[in-house]
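Input: a single structure, listed below in structure tokens.
The values are calculated or read from the model by the stated rules, or taken from the named source; none is laboratory data. These figures come from a predicted structure and were not determined experimentally. Ideal geometry is used to build each Cβ from the backbone, glycine not excepted, and the neighbour counts take in all protein chains shown.
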Amino acid sequence: MKVRRLKFLFMILLVLFVLVFPVGAEVEFSPDLFDELADSINEIPYVETPAYKRIELDNGMVEYLAVDDELPLVEVVGYIKGGSSQESLELAGISSIMTRLMNTGTKNYNEAELSRYKELNGVNFNIYSSYDRYNFSANSLSMDQEALIALIAEILRNPEFEATYHSRILQEYYQVLLQQYYYDFSLLEMFFNTILYGEHPYAYSDNIGLVISALERMTPAQLGTYYQQTIDPANLVMAISGDFDLQEMEAIITQEFGDWESKGVELKEEKVVIDEENFNRIVLINKEDATHAKMKIGYNFYASGFEDEVPFLMANQIFGGGDFSSRLMDNLRSERGYVYGIYSGVTYNQQGGLYYISTDVAPDKACEILAAVRAEMLAIKEGEEKISAEELFKNVNLYNAFFPKSYTNQISVLAKLMFDQEIMDKEKDSINNFIKAYNDLTPAQVQEVFVKHTLPERFFTLIVGKKADILPAFQEQGLAVEVIELF
């Protein structure tokens with residue numbers, strides 16, 4: 001008991017050291033900071049990649065192991081292919097419910113016992129679902145590495161869906177979903193995604209009403225069946241970094257996972273179908289208590305592996321993704337004062353992505369914002385205001401300053417290398433190859449890619465706000481707007 005108490009105190013001191021000291025180095029982001037960094041010429045970064053060992057078990061499970069003895073910690077990041085892309089219309093949202101239950105208890109540890117196990121061994125673990133995979137992370141002190149790997153195996157291999165907390169988890173999720181109807185941002189995301197993804201499973205888990213109606217069908221038996229159909233060691237990759245002996249860690253992994261037999265799970269692959277009826281469509285979600293108009297403008301985009309991803313990234317940074325340095329921010333915030341912020345971005349998924357511009361405006365300016373975004377995009381596309389060498393340099397320079405901040409510890413580098421090679425089928429030194437690729441770009445390349453892949457004629461516009469304040473401006477311009485009443 002005394003040893004456990006000392007370990008607990010050590011963990012507190014360690015966490016305080018890790019959390020407190022970096023705070024002193026934090027800076028407040030502002031337009032002035034971005035200008036200062038852009039005016040300085042930042043060196044082209046190089047991210048050191050750790051020496052690691054790749055092991056593959058007979059069941060197809062892959063691990064990347066890298067030793068790091070700077071701190072007495074072991075950190076884990078893992079992915080299991082699948083996620084909500086495997087859901088059906090009748091069981092929308094089941095991936096999230098399944099992972100919530102997996103986080104709560106197992107066949108060998110009830111809710112209280114699992115919590116106690118984590119507490120006594122100083123182990124943290126979390127798993128959640130995304131569109132194309134399940135993501136999990138875990139950590140412990142190096143002295144608890146066996147307990148850490150054993151816990152990961154227990155949760156992934158032995159979920160318990162018949163437990164007494166099954167009903168409570170569903171009820172809690174139901175309450176969370178109901179609350180989303182009151183948040184403008186949640187409504188914006190839900191309707192934008194569900195309309196553009198259409199009949200694809202990506203749309204199911206975002207559809208609040210659909211998930212609520214499906215909850216009653218998520219019986220323990222259904223959850224068990226879904227688990228068997230979607231979780232398989234052959235689809236699992238795991239990166240482990242920390243203070244451990246390589247051979248010892250490999251032996252622990254083999255002991256905990258080696259006898260987990262693959263079921264030969266075949267995952268569904270269904271490409272997103274683009275619905276041309278959404279081209280130039282404007283939808284308004286009437287929310288009577290809204291004070292602003294939240295807007296999202298965009299269209300269906302490419303899937304993961306998009307060949308022009310790097311030049312398009314820089315083109316979009318210049319257009320609207322570069323925060324204070326972008327043309328959209330300069331025009332609509334700095335010059336016109338219409339918005340506090342406006343941002344354009346890309347979501348790449350394995351079966352289809354989205355390109356979008358999002359902002360928050362005064363209701364009577366929504367129509368004007370849509371026209372201004374279109375005009376700004378066309379100015380680049382039609383050559384009236386081509387992307388310049390100065391703009392490209394500024395954004396590449398800023399990327400050189402900020403990009404390496406994503407890889408300040410070994411687990412982040414190792415997990416990225418593993419993800420790129422095992423899931424995205426990229427080359428070994430993908431991080432530094434990416435840095436080289438964006439630094440080698442020319443303005444002509446970036447201009448060409450922007451012209452090719454930006455499609456304002458396909459804009460779908462989603463607005464959440466009070467229709468009485470938003471509609472008049474659109475009606476004056478003769479633009480048709482579909483209104484969806486919430487209640």
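The table below lists the values:
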read-out: Qualifying residue in segment 164-180 (condition: within 30 Å of ILE297 (Cα to Cα), part of a loop (DSSP other than H, G, I, E, B) and of a type in the set (Ser, Thr, Tyr)); value: no
read-out: Residue in segment 298-305 that is in contact with a strand residue (DSSP E or B) (Cβ under 7 Å, 6 or more places away or on another chain), aliphatic (A, V, I, L, M) and modelled with pLDDT of 95 or more present; value: yes
read-out: Residue tally, condition at pLDDT below 95 and charged (D, E, K, R), over segment 408-424; value: 0
read-out: Qualifying positions in segment 138-159 - under 27 Å from the mean Cα position of the chain (by Cα) and either surrounded by fewer than 17 Cβ atoms within 10 Å (Cβ to Cβ) or not in a strand (DSSP E or B) (or both); value: LEU148, ILE149, LEU151, ILE152, ALA153, GLU154, ILE155, LEU156, ARG157, ASN158
read-out: Filter pass, GLU382 being assigned by TED's automatic domain parsing to the domain that holds GLN477, free of Cβ contacts under 8 Å to residues at least 40 places away in the same chain and among the acidic types (Asp, Glu); value: yes
read-out: Test: GLN229 is surrounded by fewer than 19 Cβ atoms within 10 Å (Cβ to Cβ) and closer than 30 Å to ASN300 by Cβ; value: yes
read-out: Qualifying residue in segment 128-135 (condition: in a helix (DSSP H, G or I), out of contact with any His (no Cβ under 9 Å at 6 or more places or on another chain) and touching a residue at least 24 places away in the same chain (Cβ under 8 Å)); value: no
read-out: Qualifying residue in segment 377-393 (condition: out of contact with any Asp or Glu (no Cβ under 8 Å at 6 or more places or on another chain), closer than 23 Å to VAL47 by Cβ and either surrounded by fewer than 16 Cβ atoms within 10 Å (Cβ to Cβ) or not aliphatic (A, V, I, L, M) (or both)); value: yes
read-out: Lone qualifier among PHE459, PHE450, PHE474 - being more than 22 Å from LEU188 (Cα to Cα) and surrounded by 15 or more Cβ atoms within 10 Å (Cβ to Cβ); value: PHE450
read-out: Leading residue by the ranking (surrounded by the fewest Cβ atoms within 10 Å (Cβ to Cβ)) among those in segment 203-226 that are out of contact with any Leu (no Cβ under 8 Å at 6 or more places or on another chain) and not in a helix (DSSP H, G or I); value: THR219
read-out: Filter pass, SER304 being surrounded by 15 or more Cβ atoms within 10 Å (Cβ to Cβ), closer than 14 Å to TYR355 by Cα, of a type outside the set (Asp, Glu) and in contact with a Gly (Cβ under 8 Å, 6 or more places away or on another chain); value: yes
read-out: Test set (1) within 30 Å of GLU70 (Cβ to Cβ); (2) assigned by TED's automatic domain parsing to the domain that holds VAL346 - ASN286 fails condition number; value: (1)
read-out: Yes/no for ILE318 being buried (at least 19 other Cβ atoms within 10 Å of the Cβ) and over 30 Å from VAL47 (Cβ atoms); value: no
read-out: Test: residue in segment 347-355 that is among the aliphatic types (A, V, I, L, M) and within 22 Å of TYR197 (Cβ to Cβ); value: yes
read-out: Top-ranked residue in segment 63-84 [being in contact with a strand residue (DSSP E or B) (Cβ under 7 Å, 6 or more places away or on another chain) and among the hydrophobic types (A, V, I, L, M, F, W, C); ranked as farthest from ASP144 (Cα to Cα)]; value: ILE80
read-out: Candidate set: segment 255-288, residues that are small (Gly, Ala, Ser) and surrounded by 13 or more Cβ atoms within 10 Å (Cβ to Cβ); chosen: the one nearest to the chain's Cα centre (by Cα); value: SER262
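Here's the yes/no breakdown for (1) over 24 Å from SER96 (Cα atoms); (2) touching a Cys at 6+ places or on another chain (Cβ under 7 Å); (3) outside the structural domain of LEU370 (by TED's automatic domain parsing):
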site: TYR226; (1), (2), (3): no, no, yes
site: VAL237; (1), (2), (3): no, no, yes
site: ASP245; (1), (2), (3): yes, no, yes
site: MET249; (1), (2), (3): yes, no, yes
site: ILE282; (1), (2), (3): yes, no, no
site: LYS296; (1), (2), (3): yes, no, no
